[in-house]
Amino acid sequence: MKKMLLYLLACTILLAAVIPPFVGYQKQKSFAEQLGVVPRGEVLRYVAADQKEFLAASVVLKVLIYFGGRSQALPNQVQLPVDYPGISRILHSAVKLDPRNMDAHYFAQAILVWDVKQIDVANGLLEYGMRYRDWDFYLPFFVGFNSGYFLKDYEKAARMYRRAAELSGNPLFIQLAGRYLYEAGRTEHAIVYLTAMEKSTRNESVKKNLRTRLEALVAVRAIENARDLFASRFGRQPHSIGELVQRGMLSSIPHDPYGGTFYLDEDGSVRSTSKLAFGHLNQPSTEVTQ
Amino acid sequence: MSHPLELSSVSKQYVSRKHRVDAVREVSFAVAAGEIFGFLGPNGAGKSTTIKIIMNLIRADRGTATIFGTPSTKAETRRHVGFLPENPALYDYMTGAEYLRFVGNVHGMPKQRIRQRSDELLMLLDLLPAAKRAIRSYSKGMLQKLGLAQAIIHDPPVLILDEPMSGLDPLSRVLVKELIVNEKKNGKTVFFSTHIISDVERVCDRVGIIRNGILKAVKEVAPLLREGIEAYRVRFAEHESSAEQEIMVSPDDLTTQMVAITSTGGTIRLLEPVRKNLEDFFLHIIRED
Amino acid sequence: MKNILRITILGIMRDRVFHGITVAALVFGLVPVISQLSMRQVTELALTLSLSLTSFLLLLLSVFLGGVSLWKDIDRRYAYSILGLPLRRSDYVLGKYLGIVSFILLTATVLGIVGALFSYSAIGVYPPNRPVLWENYVYAIFFDVLKYALLVSFAFLFSTISTSFFLPMFGAVCIFFVGSSSQEAYNYVNSPEAAALHPAAKSAITALYYVLPNFGAFDFKTNAIYSIPMDYQGLMLTFVYFCCYVSIVLGLAVILFNRRQL
Ligand SMILES: Nc1ncnc2c1ncn2[C@@H]1O[C@H](COP(=O)(O)OP(=O)(O)O)[C@@H](O)[C@H]1O
Ligand SMILES: [Mg+2]
C-alpha cells in the first residue's frame, strides 16, 4: 500500500514536471502543426463516411479559432503573422467536403480574397458552391464583387449581381450591377460591398478585419474625392497629398488604419506604404514615398 | 407407438486442422416411455456430443435422432423435451425467476401456470432466496439447479439431462435424484448422462455404456444387479446359546446349505447377497479391449 | 421471436448501455456553445453537430451490439440453453436482430429529441437562412436508423461464420466505411477525370458498387441541415432498397446460422 502510494506520488511529480514544457511546446507549434495536415477535400470525402458536414464544419471552426487568436493579439503582444495560404488550403478542403457550408465561403471571401488575392481560386470555389447553395444570394454577390472589383470583368460581375438580385429581391444588387462597374467607381464599389459584408457576420475577429479595411477605403475615397476636386479646379493632378491639405481640399492627411502613410503614385492613384495590409511595414520598404 | 427417444447409427467426427476425433460412432439405442436411461461413460466418451446431436445443437454426420418418431432437427420436437446442458450457462443479467418466466413464455405456458410452476420448483430446489437475484451471482450448484428447473418447468414428457449431478453438494445430489425418480413416477421418460456409477445404480432402469464414441452395452440395471450375486453371506448359530458363525455360500449351494443348517436345529441370523457390483461390470466393459 | 426480442432489449438495458449513451449524450450540451462560433449559420451548425453526434453514437452502438451479441451467446454457451428450447434458429437470430434494432431506434429517438431541443434553442437567437424543416430532420434520423439496421445485419452475418468477435466488429466497421464511399467511388469512375483509370479497375469498382451496400444513400443530413426539400420518390426507393438488402443479408445469416455447429 505504502509502496503503491509512493509510486503514484512519484509519477504525479514527474507529470507535473513535464507539463510546463509540454504546454509551452504545444503553444509554439506553428499553425500547420496545430491543425495537423488536413488532406484534400477530394480525398477526405472517401473516409468521411456520413460525417462530411461535421468534418467540414469542424475544420472551418478550427480556422476561425486560429484566426481569432492571431488577430486579437493585445497591443503589447507581438502580432504573429497569419498563415493565409494554410487557411486557404483548409477552406478549400471544407468546401469540397460540404459545398453548402456558408462559413467556409464567407470566411474565404471576407479574408482570403483581400489578404491572399487568390481571386480565381475563390471564384472557382464559390461557383462550385453556387451549384449546391442555389437559394443563397451571397455566393453570386461574392463572385460578382470579385469579378468586378479585382478582375475587372464587368460583364460577369453584372450577370452575377443580377442573379443575386433575383435570389434576394434586394435592389442593392441591381444598383451594384449598374452604378459601380467602371474604373472610377472602384472604391465606392468596395465600400458598399464591405458595408454589406460587415453587417452580415457575427464573428468579432472577422468584423474587426472588415471594419479596418472599410476605414482604410473610406480614407482612400476622401483622398480620391479631394484629388478629383483639385484636378477639376486647377486642371492638373496634385503632386502629393500634402498639396491637397495645403490647398484646403482635405482638412488633414487621413490616417491609414494599417499603420502606413498614404501617397499618390505617378498616375495619381492613392496608395499607402502599408499596401493596405498588416505586416508590410516591418519589412524594408521598396516604396518611394513622395 | 414410437419411442420417446431413439437414435439409429448416429456418427459424428470433429474435424479440426490437425486432428480428427471420432466422437460418436454408429450409436443406436431407444429409450422406452417411462424409463430412466443412464448414459454412462468416462470423460471424453462422447456423451455430450450425443446429447448435442439429440438437441440439434450440432449435426450428425450420419444417422438420425428422433423424438417420438420425429427427427430432432425439427424445432417443434423440443416442445416435448426438457433439456439441461452440461454446466449450463444462462443469461446472467436476468434473475432466476425472470429466466424461468422467459422459458415458460417460450413454451407458451399461461402466465398463472408459469408463476405457479416456477414458485414450486424454486422452492423444491431450494432456490427461493436467490430467485430475485441476478444469475450472475449464482454459485455453480445453484446454476445447475436453476438449469434443471428451466428444463422441467413445462412438465415435458422427455427429459434430457447432461450430467445433472455435477457440481452439486451431497444434499442437492439427493434432491436431484429424488426429482428424477419422481418424474418417472409421473410417467416421464428421463435420459441422463453421467460418469458416476453410483448415480446409475440408484435410479436407472437401464444403462448404456459408451466409450470412445462406441456404445459398448445397453443393460437393464436390476437383472445386472441380480446377475451380479456371487455368493451369500450366511450368519447362523447351531444352538440357541452357541456363538454365531459366518460362512460364504455360492448361489448354487444356497438351498442345500440352508436345509443343512435348519435341519440340525440351527437358526439363521442373517442372509446377505454378496454382489459383484455395477462398478466391476462397468470396469470390465471399459477394459475389455 | 417476441420473447427473444424482449430479453435482448432487457439484456442491453441491464448491461447499462443506455447509461453509457446518456453520458455520451451530455456532449449535446456543447452543441449550442459550439454553434455560437459560426459566423453565418448558427442553426445549420447546431443541426450538423446534433445529427453527426447522433449518427456517430448510433454507429458505435450498432458495431458494438451487432458484433458482440451473437458471438457472446455462442462463446459463453448461452445459446445451448436457448436453442434447447422449442425455438427455430431463425426466430432466435431475427429476435436478437430486432431487439438490437429496436434499441437503436429508441436511442435514435431520444438523441434526436435532445439534439432537436438544443438546435431549437439556437434558432430563437440566431434565425437560420431558411426556416428549418423539422420533417427533414426526422427523415434524416429515421434513415440513419435504417442505415445502422443494415449495418447490424452485416455484423450478424459475420457473427454467424466467425468464432471470434473480431470479424463481426471490424468487418462491420470496414463495410461501413467502404459502403459509405462506394457512391463517391462510383461517381468518380464515371467522371471524365477517371479517363486514365484502367478499364479493369473501373469495372471492379462498378461491380463492387452494385454488390456492396450503399450506406451513402441513407444520408439525408444535408436536407435537414440546409432545409433542402425531400425527394419523396427517392426516399421511397431508398426504403425499398433497404428492405430488399436487409432481407437478403438476414436470410443469408439465418441460413448460415442454421448450419452452424455449436
Ligand atoms: N468442438 C469439438 N471439437 C473437436 N473435438 C471435440 C469437440 N467437442 C468434443 N470433442 C472431442 O470429442 C470427444 C467427445 O467429447 P464429449 O462428447 O464432450 O465427451 P463427454 O463424454 O465427456 O461428454 C472428446 O474426445 C472431445 O475431445
Ligand atoms: Mg460431457
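The values are calculated or read from the model by the stated rules, or taken from the named source; none is laboratory data. Remember, it's a predicted structure, so these values are computed and weren't measured experimentally. Note that each Cβ is placed from the backbone with ideal geometry, even for glycine, and that neighbours are counted across all protein chains shown.
Structure values in brief
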{"read-out": "Among residues of region A:210-253, those that are in contact with a helix residue (DSSP H, G or I) (Cβ under 7 Å, 6 or more places away or on another chain) and hydroxyl-bearing (Ser, Thr, Tyr), counted", "value": "1"}
{"read-out": "Residue C:194 being away from chain A (no Cβ under 12 Å), under 26 Å from residue A:97 (Cβ atoms) and more than 20 Å from the chain's Cα centre (by Cα)", "value": "yes"}
{"read-out": "So residue C:68, is it free of Cβ contacts under 8 Å to residues at least 40 places away in the same chain, hydrophobic (A, V, I, L, M, F, W, C) and more than 9 Å from every other protein chain (Cβ to nearest Cβ)", "value": "no"}
{"read-out": "Count of region B:14-48 residues which are closer than 24 Å to residue B:183 by Cα and more than 13 Å from ligand 2 (Cβ to nearest atom)", "value": "10"}
{"read-out": "Hey, residue B:164 under 20 Å from residue B:67 (Cβ atoms) and either within 16 Å of ligand 1 (Cβ to nearest atom) or surrounded by fewer than 18 Cβ atoms within 10 Å (Cβ to Cβ) (or both) or not", "value": "yes"}
{"read-out": "Complete set of residues in region C:36-58 that are assigned to a helix (DSSP H, G or I) and closer than 15 Å to residue A:62 by Cβ", "value": "C:45, C:48, C:49"}
{"read-out": "Output for region C:171-196, where each listed residue is exposed (fewer than 14 other Cβ atoms within 10 Å of the Cβ), among the hydrophobic types (A, V, I, L, M, F, W, C) and over 13 Å from residue A:47 (Cβ atoms)", "value": "C:195, C:196"}
{"read-out": "Any chance residue A:231 is surrounded by 22 or more Cβ atoms within 10 Å (Cβ to Cβ) and hydrophobic (A, V, I, L, M, F, W, C)", "value": "no"}
{"read-out": "Filtered residues of region C:117-165 (kept if more than 14 Å from the chain's Cα centre (by Cα), surrounded by fewer than 19 Cβ atoms within 10 Å (Cβ to Cβ) and assigned to a helix (DSSP H, G or I))", "value": "C:117, C:120, C:121, C:123, C:124, C:125, C:134, C:135, C:138, C:161"}
{"read-out": "Any hit, region B:151-159, residues being in a strand (DSSP E or B), at pLDDT 95 or above, under 23 Å from residue B:30 (Cβ atoms) and within 16 Å of ligand 2 (Cβ to nearest atom)", "value": "no"}
{"read-out": "Flag if residue B:54 is within 14 Å of ligand 1 (Cβ to nearest atom) and touching a residue at least 40 places away in the same chain (Cβ under 8 Å)", "value": "yes"}
{"read-out": "Residue count for region B:25-84, restricted to those that are of a type in the set (Lys, Arg), farther than 28 Å from residue B:108 by Cα and surrounded by fewer than 22 Cβ atoms within 10 Å (Cβ to Cβ)", "value": "2"}
{"read-out": "Those residues of region B:209-219 which are under 20 Å from residue B:159 (Cα atoms) and within 12 Å of ligand 1 (Cβ to nearest atom), in sequence order", "value": "B:209, B:210"}
{"read-out": "Matching residues, region B:88-131, being away from chain C (no Cβ under 14 Å), surrounded by fewer than 15 Cβ atoms within 10 Å (Cβ to Cβ) and over 23 Å from the mean Cα position of the chain (by Cα)", "value": "B:110, B:112, B:113, B:116, B:119, B:128, B:129"}
{"read-out": "Test: residue in region B:11-20 that is more than 12 Å from ligand 1 (Cβ to nearest atom), without any contact (Cβ under 8 Å) to a residue 40 or more places away in the chain, of a type in the set (Lys, Arg) and in the same structural domain as residue B:183 (by TED's automatic domain parsing)", "value": "no"}
{"read-out": "Selection from region B:49-100 of residues that are within 16 Å of ligand 2 (Cβ to nearest atom) and among the small types (Gly, Ala, Ser)", "value": "B:89"}
{"read-out": "Count of residues meeting criterion [within 15 Å of ligand 1 (Cβ to nearest atom), within 8 Å of chain C (Cβ to nearest Cβ) and either touching a strand residue (DSSP E or B) at 6+ places or on another chain (Cβ under 6 Å) or touching a residue at least 60 places away in the same chain (Cβ under 8 Å) (or both)] in region B:57-83", "value": "1"}
{"read-out": "In region B:243-289, the residues that are surrounded by 11 or more Cβ atoms within 10 Å (Cβ to Cβ) and assigned to a loop (DSSP other than H, G, I, E, B)", "value": "B:250, B:266, B:276, B:277"}
{"read-out": "Any chance residue B:51 is under 21 Å from the mean Cα position of the chain (by Cα), closer than 30 Å to residue B:283 by Cα and within 11 Å of chain C (Cβ to nearest Cβ)", "value": "yes"}
{"read-out": "Those residues of region B:183-208 which are within 16 Å of ligand 1 (Cβ to nearest atom) and in a helix (DSSP H, G or I), in sequence order", "value": "B:197, B:199, B:200"}
{"read-out": "Within region B:34-46, tally of residues that are in contact with a Gly (Cβ under 8 Å, 6 or more places away or on another chain) and either within 14 Å of chain C (Cβ to nearest Cβ) or more than 16 Å from ligand 1 (Cβ to nearest atom) (or both)", "value": "1"}
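Let's see how each residue does on (1) touching a strand residue (DSSP E or B) at 6+ places or on another chain (Cβ under 9 Å); (2) assigned to a loop (DSSP other than H, G, I, E, B):
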residue	(1), (2)
A:191	no, no
A:195	no, no
A:207	no, no
A:220	yes, no
A:227	yes, no
A:237	yes, yes
A:248	no, yes
A:256	yes, yes
